[in-house]
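Data first, discussion second: the structure below is written as structure tokens.
Every read-out reported here was derived from the displayed coordinates using simple, explicitly stated rules and does not represent laboratory data. Nothing here was measured: the structure is a model prediction, and the numbers come from that model. Glycine also receives a Cβ, built like all others from the backbone with ideal geometry; neighbour counts cover every protein chain displayed.
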Amino acid sequence: MSFSSSTSYWAMAGTTGEKDMKVWTPIDNQKFETFSYLPPLSDGDIAKQVDFIIRNGLSPCLEFASKETSTVSNDSTVRFTGSAAGYYDNRYWSMWKLPMFGCTDASQVLNEVAECRRAYPSCYIRLAAFDSVKQAQVMSFLVRKPGLATATSSCPPAGRWLAPQARRT
């Protein structure tokens, strides 16, 4: 599409609805992987995704992170060079138990989500799917976002391990 020299941008903007041109806001707009554009998933929605994961021979695994460590920031990033291919800046979350190899039912995963949520109520929880043939994570999405009213994090500080028996309290 070309414009004649007599057609100005401002004349076009007035007729095309420039107010409709805004497509993204950088303020309070954190998104996480697959499905982040949707409303929070219900247990039924999560169960359908788990069924898909199991049906395709993948292993579900839960991970969790505090709000402070759930995304990449300049504070938690070390830049090497442009040639550092495959380097991931602080994209690792803590695993909730081991991957659920041999999982056959979505209710098993939903029970673990509930247990993780009780142990870490102010943390994000995501479900990842691992492919044992590719030996890689092939899918992940949030199953729990912490409430915005939570002021403090109950997640362990970065670099600290929490014994399994402490998780069950």
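Some notes on this structure:
- Cβ crowding within 10 Å averaged over residues, with 125-137, 49-61 ranked highest first: 49-61, 125-137
- Packing, as the average of other Cβ atoms within 10 Å across residues, places the peptides 33-41, 94-102 in the order 94-102, 33-41, highest first.
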